[in-house]
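Here the structure is laid out as C-alpha coordinates; the discussion comes afterwards.
The values are calculated or read from the model by the stated rules, or taken from the named source; none is laboratory data. None of the values given here were measured: they were computed from a predicted structure. Using ideal geometry, Cβ is built from the backbone for each residue, glycine included, and neighbour counts are taken over all protein chains shown. Calculation scope for accessible area: heavy atoms of the full protein, side chains included, ligands and nucleic acids excluded. Shrake-Rupley method; radii C 1.70, N 1.55, O 1.52, S 1.80 Å.
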Amino acid sequence: MSRAATGAAPGKVILFGEHAVVYGRPAVAASLATGLGATVTPFPGGPELEVPGWDLHVRLDQKGSRFDAIARGFATALDAAGVQDRALKVTVDGELPPGVGLGSSAAFAVAVLRALGEWNHAPLTGEPLLAAAHAVETVFHGTPSGLDHTVIATGGCLRFERGAQTTFTPVPLARPVPAVVAWAPRKGSTRQAVAGLRVRHEALPAHFDRVFDAIGAVTEAGLQALASGDFDRLGQLFDLNHGLLNACGVSNVDNERMVAVAREAGAAGAKLTGAGLGGAVVAVTPLGADRVVEALQRAGYKAFQTRLGTGR
Ligand code: PMV
(Lines give C-alpha, C1' and ligand atoms only; values in the text may rest on other atoms or scores of the structure.)
Protein backbone atom coordinates (compact mmCIF):
# COMPACT_ATOMS: atom_id res chain seq x y z
CA MET A 1 0.00 0.00 0.00
CA SER A 2 1.42 3.40 -0.92
CA ARG A 3 1.51 6.09 1.70
CA ALA A 4 1.91 9.86 1.63
CA ALA A 5 2.95 12.46 4.21
CA THR A 6 2.21 16.18 4.04
CA GLY A 7 3.45 19.42 5.58
CA ALA A 8 2.53 23.07 5.08
CA ALA A 9 3.99 26.48 5.87
CA PRO A 10 2.78 30.06 5.41
CA GLY A 11 4.53 32.94 3.67
CA LYS A 12 5.40 36.14 5.51
CA VAL A 13 5.32 39.90 5.16
CA ILE A 14 7.13 42.61 7.08
CA LEU A 15 4.41 44.92 8.42
CA PHE A 16 6.65 47.67 9.77
CA GLY A 17 10.30 48.59 10.13
CA GLU A 18 12.17 46.90 7.26
CA HIS A 19 15.51 48.60 6.55
CA ALA A 20 15.31 50.65 9.79
CA VAL A 21 15.78 47.30 11.58
CA VAL A 22 19.30 47.13 10.10
CA TYR A 23 20.00 50.35 12.07
CA GLY A 24 18.70 49.00 15.39
CA ARG A 25 15.05 50.02 15.22
CA PRO A 26 12.28 47.45 15.88
CA ALA A 27 10.35 45.74 13.09
CA VAL A 28 7.22 43.59 12.92
CA ALA A 29 6.52 40.60 10.66
CA ALA A 30 3.46 38.38 10.24
CA SER A 31 2.67 35.04 8.68
CA LEU A 32 0.26 34.92 5.73
CA ALA A 33 -2.82 32.73 5.40
CA THR A 34 -1.22 31.85 2.02
CA GLY A 35 1.75 29.52 1.71
CA LEU A 36 3.19 26.27 0.39
CA GLY A 37 2.34 22.62 0.89
CA ALA A 38 4.71 19.64 0.55
CA THR A 39 3.76 16.01 -0.11
CA VAL A 40 6.12 13.03 0.23
CA THR A 41 5.31 9.87 -1.73
CA PRO A 42 7.28 6.65 -2.36
CA PHE A 43 9.49 6.86 -5.46
CA PRO A 44 11.99 4.07 -6.22
CA GLY A 45 14.33 6.37 -8.22
CA GLY A 46 14.38 9.03 -5.47
CA PRO A 47 15.11 11.27 -3.82
CA GLU A 48 13.43 13.75 -6.16
CA LEU A 49 11.94 17.16 -5.67
CA GLU A 50 9.31 18.78 -7.83
CA VAL A 51 7.90 22.31 -7.60
CA PRO A 52 5.65 22.58 -10.67
CA GLY A 53 4.62 26.20 -9.95
CA TRP A 54 8.28 27.31 -10.01
CA ASP A 55 9.15 25.03 -12.94
CA LEU A 56 11.56 23.08 -10.75
CA HIS A 57 12.45 19.42 -11.03
CA VAL A 58 15.51 18.38 -9.03
CA ARG A 59 17.49 15.22 -8.47
CA LEU A 60 20.29 15.19 -5.91
CA ASP A 61 22.95 14.16 -8.44
CA GLN A 62 22.15 17.19 -10.62
CA LYS A 63 25.25 19.21 -9.77
CA GLY A 64 26.30 22.43 -11.45
CA SER A 65 22.86 23.29 -12.81
CA ARG A 66 20.69 26.27 -11.93
CA PHE A 67 19.10 23.85 -9.45
CA ASP A 68 22.35 23.32 -7.56
CA ALA A 69 21.45 25.43 -4.51
CA ILE A 70 17.96 23.96 -4.29
CA ALA A 71 19.41 20.43 -4.59
CA ARG A 72 21.80 21.19 -1.72
CA GLY A 73 18.95 22.69 0.32
CA PHE A 74 16.86 19.58 -0.31
CA ALA A 75 19.79 17.33 0.73
CA THR A 76 20.20 19.41 3.91
CA ALA A 77 16.48 18.97 4.67
CA LEU A 78 16.70 15.19 4.18
CA ASP A 79 19.70 15.04 6.56
CA ALA A 80 18.11 17.38 9.14
CA ALA A 81 14.92 15.30 9.17
CA GLY A 82 17.00 12.13 9.63
CA VAL A 83 15.51 10.42 6.56
CA GLN A 84 17.36 7.15 5.89
CA ASP A 85 15.30 5.47 3.15
CA ARG A 86 15.43 7.98 0.33
CA ALA A 87 13.23 6.20 -2.19
CA LEU A 88 10.88 9.15 -2.12
CA LYS A 89 9.64 12.15 -4.03
CA VAL A 90 8.70 15.51 -2.54
CA THR A 91 6.18 17.68 -4.43
CA VAL A 92 5.74 21.29 -3.35
CA ASP A 93 2.85 23.49 -4.45
CA GLY A 94 1.03 26.61 -3.37
CA GLU A 95 0.38 30.23 -4.19
CA LEU A 96 3.60 31.78 -2.94
CA PRO A 97 5.82 33.33 -5.64
CA PRO A 98 9.62 33.03 -5.28
CA GLY A 99 12.01 35.95 -4.98
CA VAL A 100 9.70 38.84 -4.09
CA GLY A 101 10.17 39.04 -0.30
CA LEU A 102 7.27 36.82 0.79
CA GLY A 103 9.48 34.22 2.49
CA SER A 104 9.15 31.57 -0.23
CA SER A 105 12.47 29.85 0.53
CA ALA A 106 11.77 29.64 4.28
CA ALA A 107 8.20 28.41 3.59
CA PHE A 108 9.70 25.82 1.24
CA ALA A 109 12.15 24.73 3.98
CA VAL A 110 9.52 24.50 6.73
CA ALA A 111 6.85 22.76 4.60
CA VAL A 112 9.37 20.17 3.30
CA LEU A 113 10.81 19.57 6.79
CA ARG A 114 7.34 19.10 8.27
CA ALA A 115 6.40 16.63 5.52
CA LEU A 116 9.70 14.72 5.84
CA GLY A 117 9.32 14.58 9.64
CA GLU A 118 5.86 13.10 9.28
CA TRP A 119 7.12 10.67 6.62
CA ASN A 120 9.85 9.61 9.03
CA HIS A 121 7.40 9.17 11.95
CA ALA A 122 9.45 11.80 13.82
CA PRO A 123 7.56 15.11 13.42
CA LEU A 124 9.79 18.19 13.50
CA THR A 125 8.46 20.98 15.74
CA GLY A 126 9.72 23.74 18.05
CA GLU A 127 13.48 24.33 18.36
CA PRO A 128 14.57 21.34 16.22
CA LEU A 129 12.35 22.62 13.37
CA LEU A 130 13.82 26.14 13.72
CA ALA A 131 17.38 24.75 13.70
CA ALA A 132 16.71 22.56 10.64
CA ALA A 133 15.01 25.44 8.76
CA HIS A 134 17.98 27.67 9.61
CA ALA A 135 20.34 25.07 8.12
CA VAL A 136 18.33 24.94 4.86
CA GLU A 137 18.04 28.76 4.69
CA THR A 138 21.82 29.01 5.19
CA VAL A 139 22.30 26.91 2.04
CA PHE A 140 19.99 29.28 0.13
CA HIS A 141 21.11 32.64 1.55
CA GLY A 142 24.54 32.34 3.21
CA THR A 143 23.80 34.24 6.40
CA PRO A 144 20.02 34.54 6.78
CA SER A 145 18.73 37.03 9.36
CA GLY A 146 16.53 34.25 10.74
CA LEU A 147 13.42 36.39 10.52
CA ASP A 148 11.74 34.48 7.68
CA HIS A 149 11.98 30.95 9.00
CA THR A 150 11.22 32.08 12.58
CA VAL A 151 7.96 33.85 11.75
CA ILE A 152 7.03 31.13 9.24
CA ALA A 153 7.68 28.22 11.63
CA THR A 154 6.10 30.01 14.59
CA GLY A 155 3.11 31.59 12.80
CA GLY A 156 1.29 34.69 14.03
CA CYS A 157 3.01 38.03 14.37
CA LEU A 158 6.48 38.77 15.79
CA ARG A 159 8.37 41.89 16.79
CA PHE A 160 12.06 41.58 16.08
CA GLU A 161 15.08 43.62 16.97
CA ARG A 162 18.65 43.20 15.89
CA GLY A 163 21.49 43.59 18.33
CA ALA A 164 24.35 41.32 19.38
CA GLN A 165 21.55 38.75 19.10
CA THR A 166 18.32 39.08 17.15
CA THR A 167 15.31 38.89 19.46
CA PHE A 168 11.80 37.78 18.49
CA THR A 169 8.78 38.58 20.66
CA PRO A 170 5.22 37.39 19.94
CA VAL A 171 2.84 40.29 19.18
CA PRO A 172 -0.76 40.01 20.37
CA LEU A 173 -3.30 40.63 17.58
CA ALA A 174 -6.93 41.55 18.24
CA ARG A 175 -7.71 39.49 15.10
CA PRO A 176 -5.98 38.49 11.86
CA VAL A 177 -5.61 41.43 9.47
CA PRO A 178 -7.55 41.25 6.17
CA ALA A 179 -5.03 42.08 3.45
CA VAL A 180 -4.12 42.00 -0.21
CA VAL A 181 -0.59 41.19 -1.36
CA ALA A 182 0.62 42.11 -4.85
CA TRP A 183 4.02 41.87 -6.47
CA ALA A 184 6.25 42.76 -9.39
CA PRO A 185 9.68 41.36 -10.30
CA ARG A 186 12.52 42.71 -8.20
CA LYS A 187 15.04 45.03 -9.84
CA GLY A 188 17.71 44.26 -7.24
CA SER A 189 18.45 41.88 -4.39
CA THR A 190 17.91 42.51 -0.67
CA ARG A 191 21.68 42.88 -0.39
CA GLN A 192 21.71 45.61 -3.07
CA ALA A 193 18.79 47.46 -1.45
CA VAL A 194 20.54 47.40 1.94
CA ALA A 195 23.90 48.44 0.40
CA GLY A 196 22.30 51.35 -1.51
CA LEU A 197 20.71 52.69 1.66
CA ARG A 198 24.04 52.35 3.48
CA VAL A 199 25.67 54.67 0.93
CA ARG A 200 22.84 57.22 1.26
CA HIS A 201 23.01 57.00 5.06
CA GLU A 202 26.77 57.61 5.02
CA ALA A 203 26.25 60.75 2.91
CA LEU A 204 23.55 62.25 5.19
CA PRO A 205 23.71 60.32 8.49
CA ALA A 206 21.82 62.76 10.72
CA HIS A 207 18.93 63.08 8.25
CA PHE A 208 18.58 59.36 7.66
CA ASP A 209 18.83 58.64 11.39
CA ARG A 210 15.78 60.87 11.83
CA VAL A 211 13.94 58.92 9.13
CA PHE A 212 14.83 55.65 10.92
CA ASP A 213 13.61 57.13 14.23
CA ALA A 214 10.34 58.08 12.54
CA ILE A 215 9.97 54.53 11.19
CA GLY A 216 10.63 53.20 14.71
CA ALA A 217 7.84 55.42 16.09
CA VAL A 218 5.45 54.28 13.33
CA THR A 219 6.31 50.66 14.21
CA GLU A 220 5.42 51.23 17.89
CA ALA A 221 2.12 52.87 16.88
CA GLY A 222 1.48 49.98 14.48
CA LEU A 223 1.85 47.50 17.34
CA GLN A 224 -0.94 49.34 19.20
CA ALA A 225 -3.20 49.33 16.11
CA LEU A 226 -2.61 45.57 15.74
CA ALA A 227 -3.41 44.98 19.42
CA SER A 228 -6.67 46.96 19.19
CA GLY A 229 -7.68 45.67 15.73
CA ASP A 230 -8.04 49.23 14.41
CA PHE A 231 -7.55 48.54 10.69
CA ASP A 232 -8.14 52.12 9.51
CA ARG A 233 -5.37 53.34 11.78
CA LEU A 234 -3.20 50.41 10.70
CA GLY A 235 -3.72 51.47 7.08
CA GLN A 236 -2.72 55.07 7.82
CA LEU A 237 0.43 53.79 9.51
CA PHE A 238 1.18 51.57 6.46
CA ASP A 239 0.94 54.71 4.30
CA LEU A 240 3.29 56.59 6.62
CA ASN A 241 5.80 53.72 6.73
CA HIS A 242 5.69 53.51 2.93
CA GLY A 243 6.41 57.25 2.56
CA LEU A 244 9.42 56.87 4.83
CA LEU A 245 10.65 53.85 2.83
CA ASN A 246 10.33 55.98 -0.29
CA ALA A 247 12.46 58.61 1.48
CA CYS A 248 15.01 55.84 2.06
CA GLY A 249 15.18 55.32 -1.72
CA VAL A 250 14.14 51.66 -1.70
CA SER A 251 10.76 52.03 -3.48
CA ASN A 252 10.64 51.79 -7.27
CA VAL A 253 8.04 52.63 -9.90
CA ASP A 254 6.23 49.28 -9.51
CA ASN A 255 6.05 49.64 -5.73
CA GLU A 256 4.67 53.19 -6.12
CA ARG A 257 2.14 52.14 -8.74
CA MET A 258 0.90 49.11 -6.80
CA VAL A 259 0.52 51.16 -3.61
CA ALA A 260 -1.37 53.91 -5.48
CA VAL A 261 -3.69 51.43 -7.27
CA ALA A 262 -4.48 49.62 -3.99
CA ARG A 263 -5.30 52.87 -2.19
CA GLU A 264 -7.44 54.17 -5.05
CA ALA A 265 -9.38 50.88 -5.13
CA GLY A 266 -10.31 51.35 -1.48
CA ALA A 267 -7.54 49.85 0.66
CA ALA A 268 -7.21 51.45 4.09
CA GLY A 269 -3.47 51.79 3.42
CA ALA A 270 -0.60 50.14 1.56
CA LYS A 271 3.17 49.84 1.70
CA LEU A 272 6.01 47.99 0.13
CA THR A 273 7.09 45.02 2.21
CA GLY A 274 10.61 43.63 2.53
CA ALA A 275 13.63 45.01 0.78
CA GLY A 276 11.86 46.91 -2.06
CA LEU A 277 13.33 47.73 -5.51
CA GLY A 278 10.15 46.06 -6.76
CA GLY A 279 8.92 42.89 -5.09
CA ALA A 280 5.84 42.81 -2.92
CA VAL A 281 3.44 45.36 -1.47
CA VAL A 282 0.85 44.72 1.23
CA ALA A 283 -2.47 46.56 1.65
CA VAL A 284 -4.90 46.53 4.60
CA THR A 285 -8.36 45.77 3.22
CA PRO A 286 -11.08 45.65 5.88
CA LEU A 287 -13.62 46.19 3.04
CA GLY A 288 -13.65 45.48 -0.69
CA ALA A 289 -10.55 43.26 -0.93
CA ASP A 290 -11.98 41.81 -4.19
CA ARG A 291 -11.98 45.26 -5.78
CA VAL A 292 -8.39 45.86 -4.71
CA VAL A 293 -7.23 42.54 -6.18
CA GLU A 294 -9.09 43.23 -9.46
CA ALA A 295 -7.65 46.75 -9.76
CA LEU A 296 -4.11 45.47 -9.20
CA GLN A 297 -4.60 42.68 -11.76
CA ARG A 298 -6.03 45.14 -14.28
CA ALA A 299 -2.91 47.25 -13.77
CA GLY A 300 -0.85 44.19 -14.77
CA TYR A 301 0.24 42.89 -11.36
CA LYS A 302 -0.21 39.53 -9.66
CA ALA A 303 -2.24 39.79 -6.45
CA PHE A 304 -4.08 37.67 -3.92
CA GLN A 305 -6.29 38.17 -0.89
CA THR A 306 -5.00 36.84 2.40
CA ARG A 307 -5.00 37.38 6.16
CA LEU A 308 -1.97 38.40 8.21
CA GLY A 309 -0.96 36.90 11.54
CA THR A 310 -3.08 33.77 11.50
CA GLY A 311 -1.72 30.77 13.35
CA ARG A 312 -0.09 28.15 11.23
O1 PMV B 1 12.64 41.33 1.34
P2 PMV B 1 13.22 40.56 2.47
O3 PMV B 1 12.28 39.58 3.06
O4 PMV B 1 14.56 39.99 2.12
O5 PMV B 1 13.42 41.57 3.68
C6 PMV B 1 14.57 42.32 3.92
C7 PMV B 1 14.44 43.13 5.19
C8 PMV B 1 15.52 44.19 5.35
O9 PMV B 1 15.22 44.90 6.54
C10 PMV B 1 15.51 45.16 4.18
C11 PMV B 1 16.91 43.59 5.45
C12 PMV B 1 17.16 42.82 6.71
O13 PMV B 1 18.10 42.01 6.68
O14 PMV B 1 16.50 43.04 7.73
statement: For the chain, the count of lysine pairs 8 or more apart or interchain whose alpha-carbon atoms are under 30 Å apart comes to 10
task: State log₁₀ I(q)/I(0) for the chain at q = 0.15 Å⁻¹ as given by the Debye formula over alpha-carbon point scatterers of equal weight, solvent excluded.
output: -1.15
- prompt: If a helix is a whole DSSP H run, which ones in the chain reach 27 Å or further along their own axis (Cα) and hold a mean Kyte-Doolittle hydropathy of at least 0.0?
  reply: 205-228
- request: Calculate the length of the line joining the C-alpha centroid of the range 1-70 to that of the range 159-186, in whole Å.
  value: 18
field: Computed lengthening from Q297 to S145, 0.36 nm per intervening residue step minus Cα-Cα distance
entry: 51.5 nm
- request: Would you mind computing, in nm to one decimal, how far apart the modelled labels at A69 and K89 are, each placed 7 Å from Cα along Cα→Cβ?
  value: 2.6
message: Can you give me the % of accessible surface on the chain that is carbon or sulfur? Probe 1.4 Å, all protein chains present, nothing else counted.
response: 53
Spin-label model distance (nm) - S228 vs E256, 7 Å beyond Cα toward Cβ: 3.3
Area projected by the alpha carbon convex hull of the range 5-170, averaged over all directions, nm²: 9.3
field: Extension gain, A174 back to H121 (0.36 nm per residue minus Cα-Cα distance, nm)
entry: 15.5 nm
- prompt: For the range 177-308, taking Cα atoms only, what is the radius of gyration to one decimal and the Dmax to the nearest whole Å?
  reply: 14.7, 43
query: Can you work out the FRET efficiency for the pair Q192 and R3, with r the C-beta to C-beta distance and R0 = 41 Å, to the nearest 0.05?
result: 0.35
